[in-house]
Protein chains: 2
Amino acid sequence: MDSYEVTPRTRLGRLAKRGAYDRGTVHGILDQALICHVGFVVDGHPRVIPTAHWRLGDTLYLHGSAASRMMRSLATGIELSVAVTLMDGLVLARSGFHSSINYRSVVIHGRGRKVTRAAERLRALEAFVEKLTPGRWAELRPPTEQELKATTVIAVPLAEVSAKLRAGPPVDDEDDYGLDVRAGELPLATRAGAPRADPRLKPGMPAPAYLADFNRRFTAPDG
Amino acid sequence: MDSYEVTPRTRLGRLAKRGAYDRGTVHGILDQALICHVGFVVDGHPRVIPTAHWRLGDTLYLHGSAASRMMRSLATGIELSVAVTLMDGLVLARSGFHSSINYRSVVIHGRGRKVTRAAERLRALEAFVEKLTPGRWAELRPPTEQELKATTVIAVPLAEVSAKLRAGPPVDDEDDYGLDVRAGELPLATRAGAPRADPRLKPGMPAPAYLADFNRRFTAPDG
């Protein structure tokens with residue numbers, strides 16, 4: 001199956017043409033984004049918290065300190081909603097009304113599962129490091145038993161999931177195309193700057209290739 | 001008062017040293033970020049949706065189509081949580097465990113209020129355009145009655161609000177500083193590229209100054 005099933009919660013209301021459910025689109029957005037926003041309910045109150053995420057197959061992973069309130073909540077298997085958003089640009093129309101933002105976003109509904117098997121936890125953490133900095137896992141010292149115990153990893157199955165996208169120039173009212181208003185797009189992207197060496201870095205150590213490569217790997221297809 | 005009151009929901013648990021409640025820090029983050037993630041509860045289920053936001057004084061504004069499910073939900077005054085996150089860089093430590101992300105984030109708890117007075121709605125929409133593109137509101141044709149009717153504006157009071165920040169190099173275990181591992185920061189920022197003119201733009205119209213200025217206005221103090 002190349003597409004996720006559409007459910008009542010993932011069916012788009014308005015602007016259904018902006019929706020996408022195919023794995024390629026959904027995975028591409030999840031893999032390019034570095035952080036997500038996790039929503040859950042605590043004592044009846046909504047709560048949204050940003051955190052890093054990564055993906056292996058049809059599983060999204062989150063992690064954090066075993067002592068954190070969020071991780072302890074998610075580990076109980078409560079319902080959650082995860083949003084991942086890439087902002088691709090401002091859309092400057094000839095009216096405020098038709099001005100917009102170009103974006104690619106994914107929303108996931110489901111429940112997290114605390115990863116208890118040590119092998120899956122280690123494999124997941126490796127995938128996280130390799131997503132950001134391919135080749136770095138082998139450079140790092142292995143995690144200690146104590147570090148692994150202090151880290152909670154949550155697996156969220158990609159089952160109830162949808163993408164939503166807008167791209168391209170503004171779509172103005174036909175009458176407005178004659179106006180003397182500058183219109184178009186301002187492309188936006190997350191870009192890495194020059195790496196900063198740690199003040200206590202051993203002298204003479206070269207910058208690794210995976211940093212130089214960062215912008216190419218995390219850039220939109222047309223960016 | 002220069003700081004927001006700390007409440008049980010905004011008091012940080014772990015890592016309390018990363019918290020900030022002063023208006024300058026909170027407003028700076030809200031004003032630099034272009035989008036937020038809004039969490040709310042629908043039929044008992046958490047839901048998170050990305051949308052643009054802007055601020056006037058101690059009020060955060062959201063807007064959207066009056067027909068959208070999210071706007072109709074928020075207009076009823078249900079509880080919401082809004083998270084705004086700026087990702088400032090990767091923190092590459094000498095272990096996976098101490099690797100981190102530099103960020104500045106704000107979380108707001110409260111209830112939205114539908115802006116019903118036409119004057120406040122118009123003033124808010126003007127502030128949104130001027131946040132992104134100062135000077136552009138005067139270039140655009142005024143919104144029509146019908147457009148204003150089709151646009152819901154939600155005001156969220158900044159009352160229960162906190163910021164959380166991490167900056168600077170990794171903090172490694174003392175024993176790890178001797179390892180041959182490249183460590184430091186990879187700065188990240190949202191950057192604008194070259195503006196793209198609308199395919200139907202009238203010939204000869206110059207790019208406005210507010211686009212050239214974008215990166216300077218939306219860059220972190222030390223970026």
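Throughout, read-outs are computed from the coordinates displayed, never taken from laboratory work. Only a predicted model underlies this, so the values are computations on that prediction, with no experimental measurement involved. So basically every Cβ, Gly included, is an ideal-geometry build from the backbone, and we count neighbours across all protein chains shown.
Okay, here's what the table says:
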quantity: Copy-to-copy label separations for B:ALA159, where each label sits 7 Å from Cα toward Cβ, in nm and ascending; calculated: 4.0
quantity: Exposure proxy order (Cβ contacts within 10 Å, fewest to most) of B:SER81, A:SER73; calculated: A:SER73, B:SER81
quantity: Spatial separation of Cα centroids for the stretch A:31-87 and the stretch B:13-27, in angstrom; calculated: 21
quantity: Within 10 Å of each Cβ in B:86-97, the average number of Cβ atoms from other chains; calculated: 6
quantity: Positive-pole candidate from B:PRO142, B:VAL107, B:ALA209, dipole of the stretch B:71-223, charges at beta carbon; calculated: B:PRO142
quantity: Dipole magnitude of the protein assembly as shown, debye to nearest 20 (Cβ charges: Lys/Arg +1, Asp/Glu -1, about Cα centre); calculated: 640
quantity: Relative contact order %, chain B, counting alpha carbon pairs below 8 Å whose residues are six or more apart; calculated: 26
quantity: Assigned charges on the beta-carbon of Lys, Arg, Asp, Glu; the stretch B:93-146 dipole about Cα centre (debye); calculated: 260
quantity: Neighbouring partner chain Cβ atoms per residue of A:161-174, average, 10 Å criterion; calculated: 1
quantity: Partner chain coverage, peptide A:133-141 - average Cβ within 10 angstrom; calculated: 4
quantity: Nearest-0.05 FRET efficiency for B:TRP137 and B:ALA67, computed from C-beta distance (R0 41 Å); calculated: 0.95
quantity: Among B:MET70, B:THR116, B:TRP54 the positive-end extreme of the charge dipole of the stretch B:54-118 (Cβ point charges); calculated: B:THR116
quantity: GNM top mover of A:ASP213, A:ASP43, A:ASP176 - chain A, alpha-carbon springs below 10 Å; calculated: A:ASP43
quantity: Pairwise FRET efficiency - A:ALA207 versus B:ASP173, Cβ, R0 = 25 Å, nearest 0.05; calculated: 0.65
quantity: 7 Å along Cα→Cβ, label-point gaps from B:GLU5 to other copies, nm, shortest first; calculated: 4.8
quantity: Gaussian network model of chain A, springs between alpha carbon atoms under 10 Å - residue of A:LEU74, A:LEU56, A:LEU186 with greatest fluctuation; calculated: A:LEU186
quantity: Across the identical copies, how the A:ILE78 labels are spaced - nm, sorted shortest first, 7 Å along Cα→Cβ; calculated: 1.6
quantity: About the Cα centre, charge dipole magnitude for the stretch A:68-201 (Lys/Arg +1, Asp/Glu -1 at Cβ), debye; calculated: 1120
quantity: Additional length obtainable on full extension of the chain from B:GLU130 to B:SER100, 0.36 nm per residue less Cα span; calculated: 7.4 nm
quantity: Order by protection proxy (mean Cβ within 10 Å, highest first), peptides B:91-99, B:142-150; calculated: B:91-99, B:142-150
